[in-house]
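The values are calculated or read from the model by the stated rules, or taken from the named source; none is laboratory data. The model shown is predicted, which means the values in this text are computed figures rather than measured ones. Cβ: placed from backbone, ideal geometry, glycine included. Neighbour counts: every protein chain shown. Accessible surface is based on the protein model in full, side chains and every heavy atom, while ligands, DNA and RNA are left aside. Shrake-Rupley method; radii C 1.70, N 1.55, O 1.52, S 1.80 Å.
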Amino acid sequence: MRAKQFGEIALLEGIRRRVGAPRGPDIRLGIGDDCALLRARQGEDIAVTTDLSIDGRHFRLDWHPPEAIGHRALARGLSDLAAMGARPVAAFLSLGLPPQLTRPGGRKAQHSWADRFFDGLLGLAKSHGVPLAGGDLAESPVAVADIVLIGAVPRNRALLRSTAKPGDLLYVTGRLGGAGAGLEALEARMASRKRQSRSIPPISHRLRESLAPHLYPQPRLAQGLFLQRRRLATGAIDLSDGLSTDLHHLCAESRVSAQVDAAALPIHPGATLDQALNGGEDYELLFTAAPAVRIPRTIAGVTVTRIGRIGAMSRRRPVVSLLTTRGQEPLAPRGWQHFSRQLS
Ligand SMILES: [Mg+2]
């Protein structure tokens, strides 16, 4: 009865119907047995990443469309695989939901919040050919989605944060700050509605476009694979927290310094320099390459921009700096702290 009330059985059946029976060279068995069975290929390392998304921390039920929450949960994990140059093999999802989110209701009357969450998640999974091979579902006082991504990469060929070298050049895919600008637009929209104490209308097509980098980020799997297969990059990380913070991670792990040229940054239209440096959640790839290596201007349709260079540590410490018209200044790690600002 409890499970029925929660809608768990119906939801599980619905998911299984939608996912089907994923089979392929990597997956022997998907949803339905006690475990999924994956088959490792010879000569490959297995890449595993987990990402926890919690209402009020990584998303807000009152702000984000359920499709975007599902999309973003998977995009975070896929972006980690992209940063390692791994190809995705399978996704696993543990979902904890308040019961009302599994019941039909709202604007799309036949669909529950959970159905729409899966629309977003499975849509992105399909576009990257990643099967959802298992997971767990439970009633929870807070909406929580924990995603596990399994990937594979030729042995010893994964792109790492720890292998950038002094003298390397620093590159980034796509444009920066779009997600930060989108979040700010969303925040402003919610604040103005609150002041007017009106209910929130559906997001218009136009607004959806400017919010897209925040709501529907595109993980750079093809670009990561390209860099890995051609052995172009010496080091790589994905931009989840923001360029300033993620570059500090890369420098700390590689024990190098870095200088970013502010004028070279590919800032997303409508975004500020601050959003490009600290906005976070752009899910672009930040990578390094030896100066003699030719990096294409676009990889699989996405632009690649040289934004700086890697140097030696100074007094045994990694130093990250920004070159502007005023000269060189320290670039502090001021990346996005999820929703801690709004909650505190
Ligand atoms: Mg990452």
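Over the chain, dividing the summed -39,500 (n - 2.57) contributions of all DSSP H runs of at least 4 residues by the number of residues returns a 222 nm mean residue ellipticity of -10000 deg cm²/dmol.
Every Cα-Cα pair in the chain was counted, and those over 34 Å apart are 29% of them. Of the DSSP H helices in the chain, those with a Cα length along their own long axis of 24 Å or more and a mean Kyte-Doolittle hydropathy reaching -0.5 comprise 66-84, 178-195. Using a probe radius of 1.4 angstrom, the carbon and sulfur fraction of the accessible surface of the chain is 51%. Counting charges near GLY311 (Lys, Arg +1; Asp, Glu -1) among other residues having Cβ under 11 Å from its Cβ returns a value of +1. When both the range 50-74 and the range 258-298 are represented by their alpha-carbon centers, they are found 25 Å apart.
When the square roots of the Cα gyration tensor eigenvalues are ordered a ≥ b ≥ c, the ratio a/c for the range 102-190 is 1.5 or more and a/b does not exceed b/c, which makes its shape oblate.
For the chain, the share of DSSP beta bridges that are antiparallel, to the nearest 5, is 75%. Roughly how many whole Å is it from the C-alpha centroid of the range 206-224 to that of the range 163-181? Cα centroid of the range 206-224 versus Cα centroid of the range 163-181: 17 Å apart. Using a probe of 1.4 angstrom and keeping all protein chains present, the accessible surface of the range 70-168 works out to 38 square angstrom per residue. Sorting 33-46, 79-92, 258-271 by average packing, meaning the other beta carbons within 10 Å per residue, from highest down gives 79-92, 258-271, 33-46. The packing ranking, built from the mean of other Cβ atoms within 10 Å per residue, places the peptides 180-192, 231-243 in the order 231-243, 180-192, highest first.
The length gained by stretching the chain between ARG297 and ILE46 to full extension, at 0.36 nm per residue less their Cα-Cα distance, is 87.4 nm.
Normalised by 2.2 N^0.38 Å, where N is the number of residues, the C-alpha radius of gyration of the range 208-291 stands at 1.14.
When you count the other C-beta atoms within 10 angstrom of each residue and take the mean per peptide, 121-128, 217-224, 136-143 line up highest first as 217-224, 121-128, 136-143.
Per residue, how much space in cubic angstrom lies within the convex hull of the C-alpha atoms of the range 48-159? Could the numbers behind the result be given before it?
Numbers: hull volume 10.7 nm³, N = 112.
Convex hull of Cα atoms, per residue: 95 Å³.
Per residue, the range 206-339 exposes 49 Å² of solvent-accessible protein surface, assessed with a 1.4 angstrom probe and all protein chains in place.
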